[in-house]
Amino acid sequence: MELRVLNYFLAIAREENITKAAQMLHVSQPALSRQMMQLEEELGVKLFLRSNRNIVLTEDGLLLKRRAQELLSLAEKTRRDFLHKETELAGEIMIGSGEFRSTSELAGIMVEFRKKHPLVQFRIYSGNADNIQDYIERGHLDLGVMGEPVDIRKYDFVSMRMKEEWGVLVRKDSPLAGRESIRAEDLLDIPLVTASRDIGGELAGWLGGLNDRLEIAAVGNLLYNEAMLVESGMGAVLCIRLNCTYDNLQFIPLFPVVESRTALVWKKDSVFSPATAAFIEFASQCLRAIPENKR
């Protein structure tokens, strides 16, 4: 299966018309049709449902579209990694991150790295831990910032210095507003927005067995969307403190204090581009140089 043919396939999927795709690709329509027939024969599946006016992808065609986009993206990333390999350090570094305060720490490290290597570019992907791990496994991300603990069987990592503080985000007219802190029993009978229906880790210990008595009203993975639910009257968000504010919302920390750590993670035994390898070394030195009492 050639990358050129996958490019042809994606063009047809995008245009939904072989003639238009052929014109865009500067190939003849019969030659393009022949390539697609050979691709279907090679894969042993039907990729298109054809009509006089347009072409619609089958389920197998939709699967190939997703995989082709991933393969071509990875091929392009590999090509960029080798640009200027023998001269000045250059290339693109792909980093995934959840929503953490420690992201600001990573941003500072990236800025300092680019001062030394201005030809290096970064591409940032935002997602939750499952998304980021999946993309690292498939080679679409080089590194990721995610919550500890880290699976040391699969990943190498260096801990970020910032601790993440847990609390709730409530409307300023909420019965909880104005409190200096929130205890677990304060959340009973409050509709909650959380990142997961199964609350674990540090929060499970803080709840002290009250998990089953909580009213989980909604689950989300981006705090902005979750905050808008609370803004509209849906109870409270159980979340970490971020460097952002909302006009009608208030963050209240938990008591006893609940903190968690994050780490910069990369896949074990991977062969990285020179730019990525240099960044891992630079970031590791930056983070490990910070005294423990400053963390």
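The values are calculated or read from the model by the stated rules, or taken from the named source; none is laboratory data. Model, not experiment: these values are computed from the prediction. Note that we place each Cβ from the backbone using ideal geometry, even for glycine, and neighbour counts take in every protein chain shown. Each accessible area value is taken on the protein alone, full model and side chains, heavy atoms only, with ligands, DNA and RNA left out. Shrake-Rupley method; radii C 1.70, N 1.55, O 1.52, S 1.80 Å.
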request  = For the chain, with all protein chains present and a 1.4 Å probe, just round the carbon and sulfur fraction of the accessible area to a whole percent.
outcome  = 50 percent
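Figure the gain on full extension for Arg138 and Met24 (residue separation times 0.36 nm, minus the Cα-Cα span) and round it to one decimal in nm.
38.0 nm
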note = Row for region 1-155, column shape: gyration tensor on C-alpha, a ≥ b ≥ c, rounded if a/c < 1.5 i.e. under 1.5, prolate if a/b over b/c, else oblate; value prolate
key: Over 25 Å (Cα to Cα) - which of Lys77/Lys163; Lys65/Lys268; Lys46/Lys77; Lys46/Lys267; Lys77/Lys267; Lys20/Lys77 fall in this group   = Lys77/Lys163; Lys65/Lys268; Lys46/Lys77; Lys46/Lys267; Lys20/Lys77
Per-selection metrics, region 215-266 (Cα): Rg and Dmax in Å = 12.7, 40
inquiry  = Rolling a 1.4 Å sphere over the protein heavy atoms, what is the accessible area per residue of the chain, to the nearest Å²?
reply    = 56 Å²
note = The size of the Cβ-based charge dipole (Lys, Arg +1; Asp, Glu -1) of the chain about the Cα centre, to the nearest 20 debye, is 860 debye
inquiry  = Which lysines, if any, have their Cα less than 21 Å from the Cα of Lys115, not counting same-chain residues under 8 positions apart?
reply    = Lys85
Accessible area of Met94 in the full protein assembly, 1.4 Å probe (Å², nearest 10) = 20 Å²
remark   = Row for the chain, column shape: gyration tensor on C-alpha, a ≥ b ≥ c, rounded if a/c < 1.5 i.e. under 1.5, prolate if a/b over b/c, else oblate; value oblate
Contact order normalised by residue count of the chain, Cα under 8 Å, 6+ apart, percent = 21 percent
key: Potential extension, Glu70-Arg213 segment - 0.36 nm per residue separation minus Cα distance   = 47.2 nm
request  = Just grab the label-to-label distance for Leu119 and Glu16, each label 7 Å out from Cα along the Cβ direction, in nm (one decimal).
outcome  = 4.3 nm
query = Over all pairs of distinct alpha carbons, what does the Kirkwood formula give as the hydrodynamic radius of region 196-295, in Å?
reply = 17.3 Å
